[in-house]
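For reference, the structure discussed in these notes is given below.
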2 protein chains.
Amino acid sequence: MEDMSKLQDELDALNAKITKQGAEVRQMKKDGAAAEKIGEAVNALQALKLEAGTLTEKLKGDEPDFNRKAFDDLIIRKMFVVPSFEIHGGVKGLFDLGPPACGLKAAMIDLWRKHFVLTENMLEMECTCLTPEVVLKTSGHVDRFTDLMVKDPATGECFRADKLLEDAIDDLIEKNPTMPTEEKEDHLRTQRQADAFSPGELDTLLTKYGCKGPSGEAYSPSFPFNLMFKTSIGPEGTSVGFLRPETAQGLFVNFRRLLDANAGKMPFAAAQIGNGFRNEIAPRSGLLRVREFCMGEIEHFVDPNDKSHANFPTVADKVLVLFGRDDQLGSGKTKKISIGEAVKSGLVNNETLGYFMARTQLYMEKIGMNPECLRFRQHLATEMAHYAADCWDLEIKSSYGWVECVGHADRACYDLEVHSKATNTPMVATVKFDKPQEMEVAKLKFDRKALGMVFKKDARTVSAALEALAESWKDFEPIATALEASGKTTVDGFEITKEMVSWEKTMKKVHEAKFTPSVVEPSFGMGRILYSLLEHSFYQRDMDEQRNVMKFNPQVAPQKCAVLPISSNPECNAAVDEIAAELMQSDLATRVDKSTAALGRRYARSDEVGVPFAVTVDFETLTDGTVTIRERDSMVQVRVPKKEVCNVVFDIVHQRTTWEQVTKNYPVVQVDEGDGTPAEKGADARAKTVVEANSRGRFSRPAPKK
Amino acid sequence: MEDMSKLQDELDALNAKITKQGAEVRQMKKDGAAAEKIGEAVNALQALKLEAGTLTEKLKGDEPDFNRKAFDDLIIRKMFVVPSFEIHGGVKGLFDLGPPACGLKAAMIDLWRKHFVLTENMLEMECTCLTPEVVLKTSGHVDRFTDLMVKDPATGECFRADKLLEDAIDDLIEKNPTMPTEEKEDHLRTQRQADAFSPGELDTLLTKYGCKGPSGEAYSPSFPFNLMFKTSIGPEGTSVGFLRPETAQGLFVNFRRLLDANAGKMPFAAAQIGNGFRNEIAPRSGLLRVREFCMGEIEHFVDPNDKSHANFPTVADKVLVLFGRDDQLGSGKTKKISIGEAVKSGLVNNETLGYFMARTQLYMEKIGMNPECLRFRQHLATEMAHYAADCWDLEIKSSYGWVECVGHADRACYDLEVHSKATNTPMVATVKFDKPQEMEVAKLKFDRKALGMVFKKDARTVSAALEALAESWKDFEPIATALEASGKTTVDGFEITKEMVSWEKTMKKVHEAKFTPSVVEPSFGMGRILYSLLEHSFYQRDMDEQRNVMKFNPQVAPQKCAVLPISSNPECNAAVDEIAAELMQSDLATRVDKSTAALGRRYARSDEVGVPFAVTVDFETLTDGTVTIRERDSMVQVRVPKKEVCNVVFDIVHQRTTWEQVTKNYPVVQVDEGDGTPAEKGADARAKTVVEANSRGRFSRPAPKK
């Protein structure tokens, strides 16, 4: 057997090379490099990936596989997730959540609200999904959220241009099995760059490969297709609207009201939970790439010159798994490091960003995600928008690999600035100084006549723009330099000449400063998190038959308690109803199972939907009023007076006590779920049972493969 | 002063006449009556309405007006609700919920889930908003959710045809001030029927009145415009989708999986909370008619032959205000009657429908709606869909009048049947008999050759349809009669002849029966309920200045507790932080106000957003560790050790104790909020204060005008 750790090192190094090569390809495409050059780089990338694939296969070795078949079967059978509109043939990329997933999602969102919104006094909003074009034009989505499409001019049908090219090449090669290797390679090279061609290049290639529409006519020239769902708002049909592709814009456009609602105080955060929509070309990977999805977004507005966070010390010692830019391009290895250190060393750009990364990690742990399957990956320079200061994705490992589930982006002042500009609305905050500060400013004197002659009605806009810059000499200096050097310069698209304005550098006492806040944006893909949690919660245990268990913790479990009668005797049933009613009264979702199946079978059914506790009414109940409470993962049972059941479950769910404590307060009974005979145990045996049970059920699950 | 109660009787009688006349007009339009006849009926209706308007004005008398200005100002200023995309010019009919409304809505939905879903073990789902055309074609929305539109052929602009006609007539009359009365009346009659004309009639009239598009060209012929937001799903742009106009269809199409998830047991209910979308022509009345709105829908599936409800006895004594069909057309007066009696007397069609009406009433009371502003109005026969068995709307009185907020409809088997037919999917449930039953059935014998020759590939569909009917002689009898009488009949659109099938009436022992369940559908307009609750919660009290209060109960209040220091002394601030942290730790949303405003001013601010309790840290806190807790509506304060604050608030919010009980457990201090001096009071005085305070704050609010 080969040395696994050496192999892992090799693989890590290879992955770093792949990342680097991938970044290069993207940069070349961005720079508009020659198609041939890009092709070569892509080929090199493919070769690296092939090599990595072989290594990964070798490394898989004994790692227990994730049992996808059993998992998928459970998910559908228990109606966690089902394809939408199934009986009508379904729609790709649309899924419905069934009862257990609905309960899970509600609990996840409730915890999200408490963990983020409530604890930090964030301002939560609910904005509309319908969004007018002007807003998404301003944000850049109308122009940049596109793929290239062509139309069959006869039928009006649309196609993705790069996919047509790819298919045409596949066809050509398939129809010519004797094609010389060199010629074939040439076609394949073209195929691999399909998504990198300009519209003109694509049109030429489609003609060259003889691509024709279903009608037999040549395609229209290729044109950009926007991935947003378009609709029309209002009866006239003239007002274009989109379904929002993210929830963030609703918060940005409300910035001024939010700042007012926060009494003008900075920093502060706004938050929103709601649906986003993206018309994905190729929905895939179950719940991971869908067309309608739930997001939770936070926009933390902060002074760009002071990105410290008051609560940072509370998380500074939290250790995270970080996969920094340099490590992705170098060692290929992640680092375990406290967020305090990471910010101090500059690996993570600032305290606010780091604070939210740590809080996200804590949230994931709270809802029951496996901490060993979490890492933060930094965006490479080539991945980030030009305005962004730093970005870290929380990635969760599932059977689909590492999947981006939460973005943490320092988006600088970009969003507020574009909306401010488009609407001519100041979107600034004010910082008051403890004592007045001396500041270098420019004192301007305009030649109003000169301004008016050139700019007419825009003269006031131009002078206001200059005045705004003049508030700080630092901002005005480049204008001054340019005007002195060449006699003219451009401000907000207006060409200013030296005749229009004169200035004087001077000092001014200021009591406050206005600034456009920076935005730090943690953005949660709730659907992806939900799916990952389902995978992380799934395990199988070997009993007489293999049994599926969902180990949701009591806080997120969709149902908190099952109540079962040992027999269909009316007295037993009455006790079951009484206990269930009391649990419901305390808002604890309860599952009653009076079916005639064996008790073990009924426990198994409740395990499958992740109910943490099962209360059984047996014949002892009828004589002494006690029942058993069984914990799902350890299968340990305690005997409790039925009047105390509700308090026990309530207190565990609300984290006022733990199961461990409960096993100390009440006698533990051990039941072999095969035969169902309870057997009282001593304190020592009890302690051992609990520990064993925990190490079996709660902490060890088969790790999903990479 | 006139006798108000006599006037009220007159008005009630008048309103009954209006209802009757309105129903007649609708029926005439439905039956395609002559335009002139309809015009006369509409005129009579207008006259009645005018009379009613005058009476209403008289009746208003001394009833304190709802202070809309103060209310609207508060709603916007405190950011309960703001127009969406305001800085970009906004969009009619779209509103965002700000922080306090978000919290309120989350609490309302949480209570809805607990009150309905959890307590009844309903199967909650979350289906997508994006819906493919076939589903809404099947439900009837594609064909029936329309208004008539015309287009300007040059510009492509669309207009509502009836509105154009109305405007043209207005113009004509305005431009001809000397027009003879008779001629004018003639035009006005046409105008009043604008929405009742057929497309052809409208086209003729638009031409007659010389209506032309903005381009100067004549309009296109009128065509139906669908009120659903249309989009295209998938990259091809060929697959039409809509934003769902209601959430119900997602549940209907999942019926089979839901029934499985319920282990095949009937009856059961599914539920869904989510957004619906309607492209309203004329959004109005603030949050009452918007284009994107939150709904909560329940589909209770039940045996059409047994609509009893197991839990009905738990609500049978609940008294509701019912406005039955006969009373709307007769006395014009509502009835106070227990739901048990209403079902028994046949006023409400069945137990299941009645059960949900009572549960809705209880929910409304739980969230703090004023019970005196709630009534159930039955649909008139002319309002109901042909398949519906009975419908009752919960109407809530606000300053806009009585507004439909929750529909309760017995929709019979319509929905499951249409989807079953469209998809060829059986959507039936099975009822097992305790002992086998003898049943009259038809035993069929087909002439397969005759069937095959006529129906080809559909032969099997036809024979299956006949076999389904043959399962009960009652269902097959009409077919048999028709075939015997005329030798042919139609089944599911296929013409059957006597040669194709022969039959025999016989008895059969059956152990179970299959049936298409009926659906009882309570459908909640959450946005309307939220708006109504805001109005019902608003009141003003006269202090030094008039102060606004939102009297949300502790269960729904967006923030549960305010914490204020009496001075900015660091020790006070530390105690505030400590108490706030403890409250947050218990998931109680807390509002800290350390501003330097006077204490009374800060109480007022927290009253405005409906915080039920305010904890004040004062100088006594620093010596003996006690703080005051002030109840918002009574303004009564108790003095409590600071360590006990969290438990007191937690227990009230979770209904484990009441404020009244708290005033018995802790010493009451009375504070004149003008000067802020606390004054200890004896037990008697305390009791009195509480009663007075309650009768002032909690139970008396200015009733909104009708």
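Each copy carries a label point for B:Glu499 at 7 Å from Cα toward Cβ; from one copy, the others' points are 10.1 nm away, ordered from shortest. Taken about its Cα centre, segment A:134-264 carries a charge dipole of about 740 debye when Lys and Arg each add +1 at the Cβ and Asp and Glu each add -1 at the Cβ. The trypsin sites (Lys or Arg not before Pro) of segment B:138-181 include none that meets both conditions, a loop assignment by DSSP and at most 10 other Cβ atoms within 10 Å of the site Cβ. Note on segment A:1-62: along the principal axes its Cα atoms extend 46, 14, 13 Å, ordered by decreasing extent. Against chain B, whose longest principal axis is taken from its Cα atoms, helix B:68-77 shows a tilt of about 80°.
Based on Cα contacts under 8 Å between residues 6+ apart, chain B shows a relative contact order of 12 percent.
Out of the total accessible area of the protein assembly as shown (probe 1.4 Å, heavy atoms of protein only), what percent is carbon and sulfur?
Details: 31740 of 63730 Å².
Here it works out to 50 percent.
Of all DSSP bridge pairs formed entirely within the protein assembly as shown, close to 90 percent run antiparallel.
Projecting the Cα atoms of B:Cys129, B:Phe552, A:Gly332 onto the charge dipole of the protein assembly as shown, computed from C-beta unit charges around the Cα centre, puts B:Phe552 farthest toward the positive end. Our note on the geometry: Cα centres of segment B:531-574 and segment A:511-557, 35 Å apart. If the Kirkwood radius is taken over C-alpha pairs of segment A:475-539, then at 25 °C and 0.890 mPa s the Stokes-Einstein diffusion coefficient equals 141 µm²/s.
Give me a single rounded figure for A:117-123: the average over its residues of other chain Cβ atoms within 10 Å of their Cβ.
Working: counts 5, 8, 6, 1, 8, 1, 5.
Mean partner-chain Cβ count within 10 Å for A:117-123: 5.
Each of A:Trp402 and A:Asp73 was given a label point 7 Å from its Cα along the Cα-to-Cβ line. The distance between the two points is 3.3 nm.
Could you work out the relative contact order of segment A:585-658? I mean the mean sequence separation of Cα pairs under 8 Å and 6+ apart, divided by the number of residues, in percent.
Details: 63 pairs, mean separation 15.6, N = 74.
It comes to 21 percent, rounded to a whole number.
Dividing the summed -39500 (n - 2.57) terms of all DSSP H runs of n ≥ 4 by the residue count of chain A sets its mean residue ellipticity at 222 nm at -12500 deg cm²/dmol. Dipole size of chain A about its Cα centre, with +1 on Lys/Arg Cβ and -1 on Asp/Glu Cβ: approximately 1260 debye, rounded to the nearest 20. Compute the long axis of helix A:526-537 from its Cα atoms, compare it with the longest principal axis of the Cα atoms of chain A, and write down the angle in degrees, 0 to 90, nearest 10. Compared with the principal axis, the helix lies near 30 degrees. If I fit a long axis through the Cα atoms of helix B:181-192 and take the longest principal axis of the Cα atoms of chain B, what angle between them do I get, 0 to 90°, rounded to 10? Its long axis makes an angle of about 90 degrees. Please compute how much accessible surface disappears when A pairs with B, both sides summed, using a 1.4 Å probe, and round it to the nearest 100 Å². Buried surface at the A/B interface: approximately 6600 Å².
For segment B:196-284, what relative contact order do you get, as a whole percent, if you take Cα pairs closer than 8 Å and at least 6 residues apart?
Numbers: 69 pairs, mean separation 22.1, N = 89.
Averaging sequence separation for qualifying contacts and normalising by length gives 25 percent for segment B:196-284.
For B:Lys445, a cut-off of 20 angstrom between C-alpha atoms picks up these aspartates and glutamates, skipping any fewer than 8 places away in its own chain: B:Asp458, B:Glu467, B:Glu471, B:Asp475, B:Glu477, B:Glu484, B:Asp492, B:Glu495, B:Glu499, B:Glu504.
Temperature 4 °C, viscosity 1.567 mPa s: under these conditions the Stokes-Einstein estimate for the protein assembly as shown, based on its Kirkwood radius over C-alpha pairs, is 36 µm² per second. Chain B comes nearest to the axis taking it onto chain A at the Cβ of one residue; that residue and its distance, in whole Å, are B:Thr231, 2.
I need the peptides A:68-76, A:634-642 ranked by packing, meaning the mean over residues of other C-beta atoms within 10 angstrom, with the highest value on top. Don't skip to the answer; put the middle values down first.
Numbers: A:68-76: 14.7, A:634-642: 20.1.
So the peptides A:68-76, A:634-642, ranked by packing, come out A:634-642, A:68-76.
If you build the Cα gyration tensor of segment B:224-358 and take the root of 5 times each eigenvalue, what three semi-axes come out, in whole angstrom, biggest first? Numbers along the way, then the final one.
On the way: eigenvalues 240, 119, 28 Å².
With the √(5λ) rule applied to segment B:224-358, the semi-axes are 35, 24, 12 Å.
Between the alpha-carbon centres of segment A:18-85 and segment A:403-477 there is a gap of 45 Å. Quick one: of A:Lys432/A:Lys498; A:Lys664/B:Lys105; B:Lys92/B:Lys151; B:Lys333/B:Lys560; B:Lys265/B:Lys474; B:Lys551/B:Lys664, which pairs are farther than 30 Å apart, Cα to Cα? Beyond 30 Å between Cα atoms: A:Lys432/A:Lys498; A:Lys664/B:Lys105; B:Lys333/B:Lys560.
Length gain on complete extension for the stretch A:Ser232 to A:Glu36, per 0.36 nm per residue less the alpha carbon to alpha carbon distance?
Values: separation 196, 0.36 × 196 = 70.56 nm, distance 4.24 nm.
Here the answer is 66.3 nm.
Peptide A:88-95 has a mean of 6 when you count, residue by residue, the C-beta atoms of other protein chains within 10 Å of its C-beta.
What ranking do B:578-586, B:405-413 get when scored by the average of other Cβ atoms within 10 Å per residue, highest first? Walk me through the intermediate numbers first.
Numbers: B:578-586: 18.2, B:405-413: 22.2.
Taking the mean over residues of other Cβ atoms within 10 Å, the ranking is B:405-413, B:578-586.
Hydrodynamic radius of chain B by the Kirkwood approach over all distinct alpha-carbon pairs: 30.1 Å. Projected label points at A:Thr658 and A:Ser586, each 7 Å from Cα along the beta carbon direction, are separated by 2.0 nanometres. Shown is the FRET efficiency for A:Phe433 and A:Thr506, computed with R0 = 22 Å from the Cβ-Cβ distance and rounded to the nearest 0.05: 0.75. B:Lys594 label point (Cα plus 7 Å toward Cβ) to equivalent points in the other copies: 5.7 nm, shortest first.
Can you give the Rg to Rh ratio of segment A:148-226, both from alpha-carbon atoms, with Rh computed by the Kirkwood formula?
Working: Rg = 12.7 Å, Rh = 12.9 Å.
With Rg and the Kirkwood Rh in hand, the quotient comes to 0.99.
Under 4 °C and 1.567 mPa s, how fast does segment A:433-514 diffuse according to Stokes-Einstein, given a Kirkwood radius computed over C-alpha pairs? Answer in µm²/s, whole number.
97
The values are calculated or read from the model by the stated rules, or taken from the named source; none is laboratory data. Here the structure is a predicted model, which means the values were calculated and not measured. Virtual Cβ from ideal backbone geometry, glycine too; neighbours counted across all protein chains shown. Note: accessible area is taken over every heavy atom of the protein model, side chains too, but ligands, DNA and RNA are not part of it. Shrake-Rupley method; radii C 1.70, N 1.55, O 1.52, S 1.80 Å.
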